[in-house]
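Q: This is the structure I have questions about; it appears just below.
The values are calculated or read from the model by the stated rules, or taken from the named source; none is laboratory data. Keep in mind that what you see is a predicted model, and the values were worked out from it rather than measured. Note that each Cβ is placed from the backbone with ideal geometry, even for glycine, and that neighbours are counted across all protein chains shown.
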Amino acid sequence: MTDATTPPSLPPLPDHLSADPRSPHHVPAVFEHDIGIRFNDKERSDVEEYCISERWIKVPAGKALDRKGQPLMIKLKGKVEAFYK
């Protein structure tokens, strides 16, 4: 018999994760929960992709779009931490 108050187990956060469903680094199970990204000790809410081991994040470059209508991304380097909220 299971206890109804037991929180569900969260999938481990990968080293490289992308919010774009077309990317090979997209993990749908992770996006079922709220995740946060801390970059250089500041929490960011605009991160589209990150890699903890290579120490970078990708964020949209303003309102600029590429020829396929996707936002242009800027890669920022620094300390990256991912966590569940």
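Q: For the list (1) touching a residue at least 60 places away in the same chain (Cβ under 8 Å); (2) in contact with a Pro (Cβ under 9 Å, 6 or more places away or on another chain), I need the number of the one condition that M73 fails.
A: (1)
Q: Moving to a separate point now. If we scan the stretch 2-25, do we find a residue that is among the β-branched types (V, I, T), in contact (Cβ under 8 Å) with a residue 24 or more places away in the chain, out of contact with any Lys or Arg (no Cβ under 7 Å at 6 or more places or on another chain) and assigned to a loop (DSSP other than H, G, I, E, B)?
A: No - not one qualifying residue is present in the stretch 2-25.
Q: Have a look at L10, L17, L72, L65 and point out the one that is exposed (fewer than 15 other Cβ atoms within 10 Å of the Cβ) and touching a helix residue (DSSP H, G or I) at 6+ places or on another chain (Cβ under 9 Å). Give the steps one after another, and end with the answer.
A: Values: L17 fails: exposed (fewer than 15 other Cβ atoms within 10 Å of the Cβ); L72 fails: touching a helix residue (DSSP H, G or I) at 6+ places or on another chain (Cβ under 9 Å); L65 fails: touching a helix residue (DSSP H, G or I) at 6+ places or on another chain (Cβ under 9 Å).
The unique qualifying residue is L10.
Q: Restricting the stretch 20-40 to residues that are of a type in the set (V, I, T) and over 21 Å from G78 (Cβ atoms), which is surrounded by the most Cβ atoms within 10 Å (Cβ to Cβ)?
A: Going through the qualifying residues, I end up with V30.
Q: Among the listed residues L17, L65, L13, identify the single one that is more than 11 Å from the chain's Cα centre (by Cα) and either on the phi > 0 side of the Ramachandran plot or not small (G, A, S) (or both).
A: Testing whether each residue is more than 11 Å from the chain's Cα centre (by Cα) and either on the phi > 0 side of the Ramachandran plot or not small (G, A, S) (or both) leaves just L65.
Q: Output the number of residues of the stretch 39-81 satisfying the condition of being closer than 19 Å to P11 by Cβ, of a type outside the set (S, T, Y) and touching an Asp or Glu at 6+ places or on another chain (Cβ under 9 Å).
A: Looking only at that region, the number is 5.
Q: Let me ask something additional. How many of the residues in the stretch 15-33 are among the charged types (D, E, K, R) and under 11 Å from K58 (Cα atoms)?
A: Restricting attention to the stretch 15-33, the residues satisfying the condition of being among the charged types (D, E, K, R) are 15, 20, 22, 32.
Narrowing further to those that are under 11 Å from K58 (Cα atoms): none.
Adding up the residues that qualify gives 0.
Q: Just to be sure I understand, how many residues within the stretch 19-35 are of a type in the set (D, E, K, R) and under 14 Å from A82 (Cβ atoms)?
A: As a first pass, look at the stretch 19-35 and keep what is of a type in the set (D, E, K, R): 20, 22, 32, 34.
Add one more test, that the residue is under 14 Å from A82 (Cβ atoms), and what stays is 34.
Final tally of qualifying residues: 1.
Q: Looking at E43, E81, E54, can you tell me which residue is surrounded by 11 or more Cβ atoms within 10 Å (Cβ to Cβ), modelled with pLDDT of 95 or more and not in a strand (DSSP E or B)?
A: E54
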